[in-house]
Amino acid sequence: MYETILSEKSDGVMTIALNRPDKLNSFNGVLHEEIYDALNEAAGDEEVRCIVLRGEGKGFSAGADLAEVIGGDGDPNSPDLGEYLRRTYSRLVTRMVDIEKPIVAALHGPVYGAGLGIALACDLRVAAESAKFSVAFIKIGLIPDAGVSFFLPRIIGLGRAMEMSMLGEALEAEEAHRVGLVNKVVPDDKLEEEVAEYAERLAGLPTMAMGRIKQILYQSFESDLAAALEAEAAGQSLCGYTQDHKEGVAAFMEKREANFTGK
């Protein structure tokens, strides 16, 4: 049993819910450890072919629990925030990117600060109409962290990322969709249903290929053309020997829907 998250597995999908609703799902040390543990469980479970990350209560996450990070006296000069990041968000974001299964963020209400970083580290994002996105760090005299500085300019472009980071203003869901920050916007009362359908669809696709897609797309940010082409070739060598590839070809030839098993 977990203290700060809820975890459920059904039909190839593991759903991990941030469960500190009284703190707007702000991240403390226990939440970091429990999400990391649940992600490791999902990564090692062959039955899990897609992961959903969502928040309980009024929003996805308001970011870091500042009372824990800077101490009860509220003195921002005492902690080494860089060391805190290395122990927490840096480790968590790296694990999310490394997991060779798709991760879908189900977002509603505030998605602020480090909460935005965790959402951006997911592979796909579905937002409710109530979702609001803010880099927020500038409001307490800090720079973006939790991977925001890496993901945000790559997803929405340098100019808009600079604006969000410097001004700290909140972006409404529809505007977030327009600039590409989220993949889809749905009514709040349809969020759970839409995300479930999205995740089930992903869970029914070739799992090995999905993992290699994550790998080569993330590597492409740091690659030249030759390295990207070689990564494609290496990945295709692996995928070409999977049962899912054989099933996909057979289904294509037989003009039927493929039945992928993730193997």
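Taking a point 7 angstrom from the Cα of Glu194 along the C-beta vector, which residues in segment 106-121 have backbone N less than 18 Å away? Once the point is set 7 Å along Cα→Cβ of Glu194, 106-111, 119-120 turn out to lie under 18 Å by backbone N, inside segment 106-121. Relative to one another, the C-alpha centroids of segment 97-133 and segment 27-62 are positioned 12 Å apart. Computed on the chain, with alpha-carbon pairs under 8 angstrom and 6+ residues apart, the relative contact order is 16 percent.
Could you tell me which residue out of Val111, Leu191, Ala203 lies farthest along the dipole of the chain toward its positive end? Charges go on the beta carbon: Lys and Arg +1, Asp and Glu -1, centred on the Cα centre. Selected residue: Ala203. Stokes-Einstein diffusion for segment 207-254 at 37 °C, viscosity 0.692 mPa s, with a Kirkwood radius from C-alpha pairs, works out to 285 µm²/s. Of [x] 0.94; [y] 0.99; [z] 1.18, which is the value of Rg/Rh (Cα atoms, Kirkwood Rh) derived from the coordinates here? Correct label is [y]. Within the chain, DSSP assigns beta bridges of which about 30% are antiparallel (rounded to the nearest 5). Checking every one of the chymotrypsin sites (Phe, Trp or Tyr not before Pro) in segment 1-86 against DSSP loop status and a limit of 16 other Cβ atoms within 10 Å picks out Tyr2.
Taking the longest Cα principal axis of the chain as reference, the axis of helix 158-167 is set at about 30 degrees. Entry note, segment 143-263: relative contact order of 20 percent, from Cα contacts under 8 Å with a spacing of 6+ residues. For the chain, the longest principal axis of the C-alpha atoms and the axis of helix 243-254 are separated by about 60°. Counting 0.36 nm for each residue step from Gln215 to Tyr36 and taking away their Cα separation leaves a gain of 62.5 nm. In terms of its C-alpha gyration tensor, segment 151-263 has an oblate overall shape, because the principal axis ratio a/c (a ≥ b ≥ c, square roots of the eigenvalues) is not below 1.5 and a/b does not outweigh b/c. Its relative contact order, with pairs defined as Cα atoms under 8 Å and 6+ residues apart, puts segment 210-263 at 24 percent.
For segment 221-263, the set of chymotrypsin sites (Phe, Trp or Tyr not before Pro) satisfying both a DSSP loop assignment and a count of at most 11 other C-beta atoms within 10 Å is given as Phe221, Tyr241.
When you filter the GluC sites (Glu not before Pro) in segment 160-263 for DSSP loop state and at most 10 other Cβ atoms inside 10 Å of their Cβ, you are left with Glu222, Glu257. Charges were assigned to the Cβ only: +1 to each Lys and Arg, -1 to each Asp and Glu. The resulting dipole of segment 5-203 about its Cα centre is roughly 580 debye. Between the helical axis of 207-220 and the longest alpha-carbon principal axis of the chain there is an angle of about 60 degrees.
Computed from the coordinates by the stated procedures, all read-outs in this text should not be read as laboratory data. Nothing here was measured: the structure is a model prediction, and the numbers come from that model. Cβ coordinates were reconstructed from backbone atoms using ideal geometry, including for glycine residues, and neighbour counts include every protein chain displayed.
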